[in-house]
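J.: Okay, here's the structure, questions in a sec.
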Amino acid sequence: MNQFADYNPIIMSIIKTNNLERFYTEGDVTVKALNGVSLNIEEGEFTAIVGPSGSGKTTLLNVIGGLDSPTNGAVEIANTEITNMKDNELIDFRLKNIGFVFQAYNLIPVLSALENTEFIMLLQNQPKEKRHARAIALLEEVGLKDQIYKKPNEMSGGQQQRVAVARALASKPKFVLADEPTANLDSKSTGDLLDIMLELNEKEKTTFIFSTHDQRVIDRAKRVITLEDGKIISDETK
Amino acid sequence: MIFKIAWRNIWRNKLRSLVVMIAIFLGVWSGIFINALSLGMTNQRTENFLSTSVGHIQIHHPDFLEENKLNFSIPNFDELNNNLLNINGANISNRIRISGMISSANGALGGNVLGITPEDEIKVSTIHNGIKEGEFLGEYKKNRVVIGAKLAHKLKVKINSKIIVTFQDQNNEIIASAFRVQGIYKTANTRFDEMNVFVYRQDLERILQSDQLIHESVLWMDDKTIVDSTITALANTYPNLKVRSWKDIAPDLAYTDDLMIQMLYIIMIIILGALAFGIVNTMLMAILERQRELGMLMAVGMNKLRLFMMVVVETIMLSLISGPAGLIISFFTVGYFKRNGMDFSAVGQGLEDVGYSTIVYFEMQPSFYWSTLVLVIITAILSSLYPAFKALKLNPVESIRGL
Ligand SMILES: Nc1ncnc2c1ncn2[C@@H]1O[C@H](COP(=O)(O)OP(=O)(O)OP(=O)(O)O)[C@@H](O)[C@H]1O
Ligand SMILES: [Mg+2]
């Protein structure tokens, strides 16, 4: 049974959600972090999720990324329903299909930029030469050619986020989810990171979905979805 | 990569890891040290006991053990002796053993008079090594006796003093003979020293007018491992004689030897069990600190088995860096004290009274090092399980949100 009535196989839709709800209950207070979110994201998008603090951005990204499960509704990624997957199945699914960039603590502190970038490919059991070559190419693309042997604590916040982007892309995921990737960065680094993400979006056709508060970041998104109180209140494609 | 990460993670908090490693090192080292000391002490006590006259195998007339009567001597002794002489690696001493009264001008005490052939006796016992004054029996001189220091002290006799030995002969007649003290010996066992005097076998044979009076054949085997098979063979050949091993003669000693081996393991397990708490605690702290990182790893696709293994490998590495070092160092420490002994003479008198030596030569079964290594590995694996399960319980979303 297909609950996605408007399913159209010609336009490659990679994320579909139907009336997503995610409630948090603490005592007798129920917070509706997501309150009926229906969303369709297609391949190649460069989409910003925006909204005030507490509007549900992080929750939405987590549910789409299979890190959190919805109270009601379903998430379908590349025509695969992920809502009912078991823990380990989900981890495996994330490994194969989704790249993640978080606000902080993205990298393994004891590994170099190169090793961090290779890490996901290692989990995918890719051969060493292939891993190595791809990681170096990606680090070059994000402008860190000279920093590949540095450990995270020897790099700036912006450089660390660029390594995180390189790592997220390394396994050629269907899309990359980034929750406030620039929140800890100064404006120069923010601009640099967005340049890189846009370039990857255009050159490698990587789909990016990121949440942000930052107006400069919002300005560069191709589609902006605005949340408020767990609901989509506007959805604009430029 | 998992090994690389685990290894580098260990060194993230150097001090904390070092504390654990030093604890494991010291635990293993001290465990083996104490065990080697204890084993050395008990082995030496056994050895002392056996070499002060017991030997490895003893043969008697069965009734002699019930009642120390002169008449219960070994029948057909010559035939037995010829057979004993054919056993490879066996040293044999044949003794006349008489219970009697030993007296001097200053007192009298009950004791055993052992009639020996010195050149045989020195092969099965070490009394001659413990001569403090005078000398042991050797070149025959008529009616000479070697007595224990404790007895000499009690009877207030010195070298060349005369003592009188009184006992019943074959016909229950009381016989008294005078002997001149030729030597005073001292063993690790003062009780023994107080009870036993040594005279020439031929003196007793002359006094008793018999050369067929052997009560006790004692064998000292060069190879201790053939003691049991030799006993079986002798017992089969001589069903009418009582053939006993040192384990029958001193079952408590044999029992403590066996118990000791078990004790070694128990001590080691207790030490390692205590260390396990330290390891678990350290790893739990490490995991708590790295919650976000571990949550991130799960989020990006590290599955539970891998996460589990990562913690396990790190814990095992942490434990196994210093455990083997402790083993190797203890091997050399034990080796040193095995050769040179550890001197306890400051507290020595008390030890000697209960049969221990004042200088303890350490003893350790080589297999114990391997067993300890295996125990350390098991400890490491067991200690890794709880922290690893703890890591699995982490919820990636909550870890990343930074609760
Ligand atoms: N684990 C939780 N338990 C209870 N309530 C939660 C939990 N996680 C989120 N919430 C609530 O859900 C709502 C949405 O939170 P969410 O983090 O998705 O917002 P956000 O848009 O990402 O905010 P921000 O811009 O501050 O990151 C908030 O009201 C938040 O308090
Ligand atoms: Mg958020």
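The values are calculated or read from the model by the stated rules, or taken from the named source; none is laboratory data. Predicted model only: the values in this text are computed from it and were never measured. Reconstructed Cβ throughout: ideal geometry from the backbone, glycine too, with neighbour counts over all protein chains shown. SASA here: full protein model, heavy atoms, side chains in, ligands and nucleic acids out. Shrake-Rupley method; radii C 1.70, N 1.55, O 1.52, S 1.80 Å.
J.: For A:Q124 and A:A137, calculate 0.36 nm times their separation in residues minus their Cα-Cα distance, and state this gained length in nm to one decimal.
T.: Working: separation 13, 0.36 × 13 = 4.68 nm, distance 1.82 nm.
Extra length from A:Q124 to A:A137 when fully extended: 2.9 nm.
J.: Then there is this: Report, by chain and number, residues whose modeled amide H sits under 5 Å from the one on B:N68, excluding near sequence neighbours (fewer than 5 apart, same chain).
T.: none
J.: Got a sec? Which residues in the stretch A:193-208 would a label at A:K238 touch, if it sits 7 Å along Cα→Cβ and we count backbone N under 16 Å?
T.: Zone members listed by number: A:193-202, A:208.
J.: How much of A:R220 can a 1.4 Å solvent probe reach, expressed as accessible area in Å² and rounded to 10?
T.: Roll a 1.4 Å probe over it and A:R220 shows about 90 Å².
J.: Let me check I've understood the local charge: for A:V50, count other residues with C-beta under 15 angstrom from its C-beta, Lys and Arg +1, Asp and Glu -1. What total comes out?
T.: -2
J.: Can you quote the Å³ per residue value for the convex hull of the Cα atoms in chain B, rounded to an integer?
T.: 174
J.: Suppose R0 equals 22 Å; then what is the FRET efficiency for B:D258 and B:V374 from their Cβ-Cβ distance, rounded to the nearest 0.05?
T.: Details: r = 21 Å, r/R0 = 0.95.
E between B:D258 and B:V374, to the nearest 0.05, is 0.55.
J.: Moving on. Connecting C-alpha atoms closer than 10 Å in a GNM of chain B, tell me which of B:N82, B:N48, B:N94 has the biggest fluctuation.
T.: Residue with maximal mean-square fluctuation among B:N82, B:N48, B:N94: B:N82.
J.: Another question, then. In whole percent, what relative contact order does the stretch B:62-240 give with Cα contacts below 8 Å and a gap of six or more residues?
T.: Details: 339 pairs, mean separation 54.9, N = 179.
Value for the stretch B:62-240: 31 percent.
J.: To continue, here is another question. Over chain B, with a Gaussian network built from C-alpha contacts below 10 Å, which listed residue (B:M263, B:M309, B:M221) shows the highest mean-square fluctuation?
T.: B:M309
J.: Counting alpha carbon pairs within less than 8 Å and at least 6 residues apart, what relative contact order, in whole percent, applies to chain A?
T.: 28
J.: What nm distance separates the two modelled labels at B:K390 and B:A178, each placed 7 Å from Cα along Cα→Cβ?
T.: For the pair B:K390/B:A178, the computed spacing is 8.5 nm.
J.: In straight Cα distance, which aspartates and glutamates are under 17 Å from B:K69, not counting same-chain residues fewer than 8 positions off?
T.: Partners within reach: B:D169, B:E173, B:E205, B:D211, B:E216.
J.: I'd like the residues of the stretch B:284-304 whose 1.4 Å-probe accessible area shrinks by no less than 50 Å² going from the isolated chain to the full set of protein chains.
T.: Residues shielded by partner chains are B:R292, B:M296, B:A299, B:V300, B:G301, B:K304.
J.: Separate question: Keeping all protein chains in place, calculate the accessible area per residue for the stretch A:1-150 (probe 1.4 angstrom), answer in Å².
T.: Working: 6820 Å² over 150 residues.
With the other protein chains kept in place, the stretch A:1-150 gives 45 Å² per residue.
J.: Under the classification rounded if a/c is under 1.5, otherwise prolate if a/b is larger than b/c and oblate if not, where does the stretch B:57-97 fall, given a ≥ b ≥ c as square roots of the Cα gyration tensor eigenvalues?
T.: prolate
J.: If the chain between A:V29 and A:M85 were fully stretched, how many nm would it gain, using 0.36 nm times the residue separation less the Cα-Cα distance?
T.: 17.3 nm
J.: Using alpha-carbon positions, what is the distance between the centroids of the stretch B:1-71 and the stretch B:288-348, in Å?
T.: 21
J.: Which entries in the list A:K16/A:K86; A:K151/B:K393; A:K130/A:K172 go over 23 Å, if you measure between the two C-alpha atoms of each?
T.: Going by Cα-Cα distance, A:K151/B:K393 fall outside the 23 Å limit.
J.: Looking only at B:R191, B:R180, B:R206, which one moves most when chain B is put into a Gaussian network model with springs between Cα atoms under 10 Å?
T.: B:R206
J.: Let me ask something else about it. How far apart, in nanometres, would the label points at B:I267 and B:F331 be if each is projected 7 angstrom from Cα along the Cα-to-Cβ direction?
T.: For the pair B:I267/B:F331, the computed spacing is 2.0 nm.
J.: Continuing with this model, one more query. Heavy-atom accessible area of B:E67 with all protein chains present, probe 1.4 Å, nearest 10 Å²?
T.: My reading of the accessible area for B:E67 is about 90 Å².
J.: I would also like to ask the following. Sort B:I184, B:I400, A:I233 by accessible area with a 1.4 Å probe, largest first.
T.: Greatest to least solvent exposure: A:I233, B:I400, B:I184.
J.: Follow-up. For the stretch B:8-39, which chymotrypsin sites (Phe, Trp or Tyr not before Pro) are in a loop by DSSP, counting at most 11 other Cβ atoms within 10 Å?
T.: Answer in residue order: B:W11.
J.: Counting protein heavy atoms only and a 1.4 angstrom probe, how many square angstrom of accessible surface do chains A and B bury in total, to the nearest 100?
T.: What A and B bury together is about 2400 Å².
J.: Moving on. Treating the beta-carbon of each Lys and Arg as +1 and of each Asp and Glu as -1, no other charges, what is the dipole magnitude of chain B about its Cα centre, to the nearest 20 debye?
T.: With Lys and Arg at +1 and Asp and Glu at -1, about 2220 debye.
J.: Going from most exposed to least, what order do A:R22, B:R290 have by accessible area with a 1.4 Å probe?
T.: A:R22, B:R290
J.: With a 1.4 Å probe and every protein chain left in place, work out the accessible area per residue of chain B in Å², rounded to a whole number.
T.: 46
J.: Karplus couplings for the stretch B:72-87 from phi (6.51 cos²θ - 1.76 cosθ + 1.60, θ = phi - 60°), rounded to Hz, Gly and Pro as x?
T.: For the stretch B:72-87, the Karplus-derived couplings read 7, 8, 5, x, 6, 4, 4, 5, 4, 4, 4, 5, 4, 4, 8, 7 Hz, x marking Gly and Pro.
J.: Find the all-direction average of the projected area of the Cα convex hull for the stretch A:13-237, expressing the result in square nanometres with one decimal place. Please list the in-between numbers first.
T.: Details: hull surface 49.4 nm².
Mean projected area for the stretch A:13-237: 12.4 nm², to one decimal.
J.: Within the set of other residues whose C-beta is less than 11 Å from the C-beta of B:D120, count the net charge using Lys and Arg as +1 and Asp and Glu as -1.
T.: That sum, taken over residues with Cβ under 11 Å, equals +1.
J.: Can you check what the net charge comes to around B:Q168, using other residues whose Cβ is under 15 Å from the Cβ of B:Q168 (Lys, Arg +1; Asp, Glu -1)?
T.: In short, -1.
J.: On full extension of the chain, what length is gained from A:K188 through A:K174, given 0.36 nm per residue of separation minus the C-alpha to C-alpha distance? Let's see the in-between values first.
T.: Numbers: separation 14, 0.36 × 14 = 5.04 nm, distance 2.84 nm.
Length difference between fully extended and current span is 2.2 nm.
J.: Here is a follow-up. Summarise the accessible area of chain B (1.4 Å probe, protein heavy atoms) by the percent that is carbon and sulfur. Provide the component values of the computation, followed by the final result.
T.: Working: 10880 of 18710 Å².
C and S fraction of accessible area: 58 percent.
J.: Evaluate the distance, in nm, between pseudo-label points positioned 7 Å from the Cα of B:A250 and of A:K145 along their respective Cα→Cβ axes.
T.: 8.3
J.: Would you check the accessible area of A:D146, probe 1.4 Å, heavy atoms only, in square angstrom rounded to 10?
T.: About 130 Å², rounded to the nearest 10.
J.: Ordering B:V19, A:V224 by accessible area with a probe of 1.4 Å, largest first, what comes out?
T.: Solvent-accessible surface, decreasing: B:V19, A:V224.
J.: Lysine pairs, Cα distance under 29 Å, 8 or more residues apart or cross-chain: how many in the stretch B:218-349? Intermediate values should be presented prior to the final figure.
T.: On the way: B:K224/B:K242; B:K224/B:K247; B:K224/B:K338; B:K247/B:K338.
So the count of such lysine pairs works out to 4.
J.: Counting other Cβ atoms within 10 Å, keep those with at most 13, restrict to DSSP loop, and tell me which trypsin sites (Lys or Arg not before Pro) in the stretch A:56-131 are left. Each step should come with its number before you reach the end.
T.: Numbers: sites: A:K57, A:K86, A:R94, A:K96, A:K128, A:K130, A:R131; in loops: A:K86.
Qualifying residues, ordered by number: A:K86.
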